[in-house]
Amino acid sequence: MKLDFTYLKYLSKGHDRKQILHDLMLAYGQDVWNFAFALTRQRNLADDIRQDVFVKAFHKLESFRGESSPKTWLLSITRHVAFDYRKSAFLRKVTLVEYITEKTTYQSAEREYFKNQLIKDTWQVVLSLPLKLREVMVLYIHHQLSIVEIGALLDISESTVKVRIHRARKKVNTICNERDGELSGEF
């Protein structure tokens, strides 16, 4: 179900803010959580960030100017909230450890298993990248934002976005090639 949020540009105090928030959460809740997780690599923190993002969005609905898509606006809020969490004294003093495990089982063919394993391994490599490279890759590949949108979201130039994407891809390829070399050496 694709919702049209163009009316947000013309929002006034008379609209049902709770319904708008509900629609935004349905449309972009998972994207916000995924981006928060990509930035923090902690499931419980991503849950908290997603909640805070939508609380902030609820309070700032009338300030949405329509200069970007609602998705880009929410991802921008997500980025700021995630960085605020990273700066907090609690997270600097306490390191929370969470193991990422896939709880679903695959009963399909061997090919499907290896395909899914490759995707999982690649995303683990992407999530291990330094933050500047990781966030552009997640925004570009997973959230499918354009280079212009990423530049606006991160407040950097388009050429900087392109350079970071290039460096991230190169680093992912290098890490994957090194892993392949290690695996072939074991047999």
Filtering the range 142-171 down to residues that are within 10 Å of the chain's Cα centre (by Cα) and open to solvent by 50 Å² or more (accessible area, probe 1.4 Å) yields H142
Restricting attention to the range 87-106, does a residue exist that is at pLDDT 75 or above and either out of contact with any helix residue (DSSP H, G or I) (no Cβ under 8 Å at 6 or more places or on another chain) or part of a helix (DSSP H, G or I) (or both)?
-> yes
Flagged in the range 30-43 as part of a helix (DSSP H, G or I) and more than 16 Å from H80 (Cα to Cα), in numbering order, are Q30, R43
Scan L26, L74, L21 and give me the residue that is at pLDDT 75 or above, more than 28 Å from I147 (Cβ to Cβ) and assigned to a helix (DSSP H, G or I).
-> L21
Give me the pairs, please: first residue somewhere in the range 38-59 and surrounded by 23 or more Cβ atoms within 10 Å (Cβ to Cβ), second residue anywhere and polar (S, T, N, Q) and at pLDDT 90 or above, beta-carbon distance under 7 Å, and either six or more positions apart or on two chains.
-> I49/T78; V53/T78
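The values are calculated or read from the model by the stated rules, or taken from the named source; none is laboratory data. These numbers were taken from a predicted model, which means no experiment stands behind them. Here the Cβ is made from the backbone with ideal geometry for all residues, glycine too, and neighbour counts use every protein chain on show. Quick note on the areas: whole protein, heavy atoms, side chains included, nothing else; ligands and nucleic acids left out. Shrake-Rupley method; radii C 1.70, N 1.55, O 1.52, S 1.80 Å.
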